[in-house]
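Everything on this sheet refers to the single structure shown next.
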Amino acid sequence: MFLGTHTPRLDDKGRLFLPAKFRERLAGGLVITRGQERCLYVFAMNEFLRITEAMQTTPVTSKAVRDYQRVFLSGASDEIPDKQGRVTIPATLREYAGLSRDCTVIGAGNRVEVWDTASWNSYLESTEPAFAEQSEEVIPGLL
């Protein structure tokens with residue numbers, strides 16, 4: 001499980017140091033793709049394969065399914081971190097997420113998310129009050 005918040009910097013070649021605590025799980029390969037709210041999702045290869053296998057069971061006749069799969073899969077890039085734990089983020093994905101030099105990398109359970117730091121701060125500021133006020137209808141019986 002991926003947890004926590006980290007603030008690495010993107011270098012001039014579009015490479016990002018993965019947080020040390022995530023490196024072992026991602027060392028064998030990962031997939032970076034478009035996420036929701038203009039962030040990037042990073043999945044360990046085995047988790048990405050599980051997700052794509054599940055997608056194969058969805059109805060191609062559903063426009064919403066087709067739309068989601070097209071956006072999600074067309075931006076996907078499989079990568080292997082280098083020996084220093086850096087991963088190259090393709091230019092199209094950097095542009096999609098509006099990544100600048102300062103990035104925020106968060107653990108989000110089964111995935112890692114990469115955000116432009118200003119976008120992450122804005123997102124957190126706008127959603128945190130609703131998080132604080134949530135009742136159990138969001139995830140019944142969780143807490």
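Since every read-out is calculated from the coordinates, none of them should be taken as a lab result. Worth saying up front: this structure is predicted, and the values here are computed from it rather than measured. Here the Cβ is made from the backbone with ideal geometry for all residues, glycine too, and neighbour counts use every protein chain on show.
Extending 7 Å from the Cα toward the beta-carbon at both MET45 and ASN110 defines two label points whose distance is 1.9 nm. Once the Cα-Cα distance is subtracted from the 0.36 nm per residue extended length, the ILE80 to ALA54 segment shows a gain of 7.0 nm. Of the residues ILE51, ASN121, GLY109, the one whose Cα sits farthest toward the positive end of the charge dipole of the chain, with +1 on the Cβ of Lys and Arg and -1 on the Cβ of Asp and Glu, is ILE51.
Between SER126 and ASP102, the FRET efficiency estimated from the beta carbon spacing at R0 = 22 angstrom works out to 0.70. On a straight-distance basis, which lysines could pair with LYS21 in a cross-link, Cα separation under 17 angstrom, same-chain partners fewer than 8 positions away excluded? Output for LYS21: LYS83. With the simple model of a label 7 Å out from the Cα in the direction of the Cβ, SER62 to ARG9 spans 4.4 nm. If you take the square roots of the eigenvalues of the alpha-carbon gyration tensor of region 5-133 and sort them as a ≥ b ≥ c, do you get rounded (a/c under 1.5), prolate (a/b over b/c) or oblate? Oblate, since a/c reaches 1.5 and b/c is not below a/b.
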